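Scroll down for the structure; my scribbles are underneath it.
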Amino acid sequence: MQAIPLVATTRGYPDSGNVIENVHAGSVAVVDTQGRLLWSAGDPNYPTFTRSALKPFQALPFILADGPARFGLTRDEVALLCASHSGEDIHLQGVSSILNKIGLDPAHLECGCAVPLHYEFVGQPAPQDRAWTPMHHNCSGKHSGFLAWCRLHGKPTGGYVERGHPLQQAIRATLADTVGLPAESMPTGIDGCSAPNYAMPLQKLAHLYARLAQGAADPQLGAAMGILEEAMTARPDMVSGENRTDLHWMTAGGGDWVAKIGADAVQAIGVRSAGIGIAIKIADGNSRALHPAVYAVLDQLGLLDDARRAQLERYRQPSIKNARGTVAGDIRTMFTLNRAA
């Protein structure tokens, strides 16, 4: 199977109608808590680098070792371990608190420096007179958790992002066991924050989120999944930030949905009450196509009532505006989910 057209962008005038200008292909997989395919579009086994959608599962070795309790991490700080945060004050304070509790400082973070995502998502220019540090990188929460695992196990903090480091070996082994794949079958790549990232069939990513949404009821990981799910759904603002999609999806879900985006147009969502996991990948990595696709999947699965539609309307069929603010077209979906045989 192959990716199929999921989303189109259009251009035109109100009095003459819009014409399709670009088409973005992709794939969708919807599975139950046993990993059985329920619905799909395109290729449900599309090989997908998980990117930041992997973050809760990169935190698993630390959670399974009772790391949060050993260092006194709060629920909000656990949420940061799973975050692609916006570098807002609450995020920076949380990362600083984690580092203080493990006896390290920002110089130990190996994620690199980056302009906080906050400015992009609130539509403000980033200050030109600021020196950004690794704390501002959207992955600094995850990396503080990496360092915490090293401190917990007495392993070197230098080079913790290298594939051969004991931390990364533990993550790879735990992930392979959790997802039910041989470790050697998961292709490895370097993520934007320099840590190893893994590719897997889209259906497998959906299964991870179906299980994450069940929290402590997961038969394999129980309490550890519960800690991660509770933190993410209780503090979606720590997982993402102002005007961010994961904040909006999880807020609309009212604690029932756990969501995590990944770079290059990956989205995973688990829905506890429905017992399902959803994974979506836009093949060309264009995130503007991703969000209407997510809305369409949620709608086609019957998960959007009137209140949720109103909350998420911005993603249904977003307008495309030019530099003057004139509406020049829109972004619209063009697929229907297929029920698995």
TODO: Assess whether GLY275 counts as being surrounded by fewer than 18 Cβ atoms within 10 Å (Cβ to Cβ), of a type outside the set (D, E, K, R) and under 20 Å from GLY35 (Cα atoms).
DONE: yes
Task: Some residue of the range 282-298 being under 19 Å from THR9 (Cα atoms) and of a type in the set (Phe, Trp, Tyr) - done: yes
Task: Of all residues making up the range 210-257, the number that are assigned to a helix (DSSP H, G or I), among the acidic types (Asp, Glu) and within 18 Å of PRO116 (Cβ to Cβ) - done: 2
- [ ] Please work out which residue is nearest to the chain's Cα centre (by Cα), limiting yourself to the range 97-156 and to residues that are assigned to a helix (DSSP H, G or I) and of a type in the set (Val, Ile, Thr).
- [x] VAL122
Task: Of all residues in the range 157-203 being in a loop (DSSP other than H, G, I, E, B) and hydroxyl-bearing (Ser, Thr, Tyr), the one that is farthest from VAL31 (Cα to Cα) - done: THR157
Open item on the list: So GLN300 ticks every box in (1) farther than 23 Å from ARG244 by Cβ; (2) touching a residue at least 24 places away in the same chain (Cβ under 8 Å); (3) in contact with a strand residue (DSSP E or B) (Cβ under 6 Å, 6 or more places away or on another chain) but one. Which box is left unticked?
Closed with: (3)
TODO: Please work out which one of (1) under 14 Å from the mean Cα position of the chain (by Cα); (2) part of a loop (DSSP other than H, G, I, E, B); (3) within 24 Å of ALA176 (Cα to Cα) is the condition ALA206 fails and give its number.
DONE: (2)
Task: From GLY164, GLY226, GLY189, residue being surrounded by fewer than 22 Cβ atoms within 10 Å (Cβ to Cβ), at negative phi, in contact with a strand residue (DSSP E or B) (Cβ under 7 Å, 6 or more places away or on another chain) and not hydrophobic (A, V, I, L, M, F, W, C) - done: GLY189
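Residues that are under 14 Å from the mean Cα position of the chain (by Cα) and closer than 25 Å to GLN214 by Cβ: list the strands (runs of 3 or more DSSP E) wholly contained in the range 259-341 that include at least 2 such residues.
Numbers: elements: 266-271, 276-282, 319-321, 327-333.
So the answer is 266-271, 276-282.
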Open item on the list: Go through the range 13-49 and report how many residues are at positive phi and either surrounded by fewer than 22 Cβ atoms within 10 Å (Cβ to Cβ) or without any contact (Cβ under 8 Å) to a residue 24 or more places away in the chain (or both).
Closed with: 2
Open item on the list: Can you tell me which condition CYS150 does not meet? The list is (1) of a type outside the set (Asp, Glu); (2) surrounded by 13 or more Cβ atoms within 10 Å (Cβ to Cβ); (3) within 23 Å of PRO47 (Cα to Cα), and all the others hold.
Closed with: (3)
Open item on the list: Return the pair list, or none, for Cβ contacts closer than 9 Å from residues in the range 155-183 that are under 16 Å from PHE49 (Cα atoms) and in contact (Cβ under 8 Å) with a residue 24 or more places away in the chain to residues that are in a loop (DSSP other than H, G, I, E, B) and aliphatic (A, V, I, L, M), at least 6 apart or on different chains.
Closed with: ILE171/ALA59; ILE171/ALA195; ARG172/MET186; LEU175/LEU181; LEU175/MET186; VAL179/MET186
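Read-outs throughout are calculated quantities, based only on the coordinates presented, and are distinct from any laboratory measurement. The shown structure was predicted, so the numbers you read here are calculated from the model rather than taken from an experiment. Methodologically, a virtual Cβ is constructed for each residue, glycine included, from the backbone with ideal geometry; neighbour enumeration extends over all protein chains shown.
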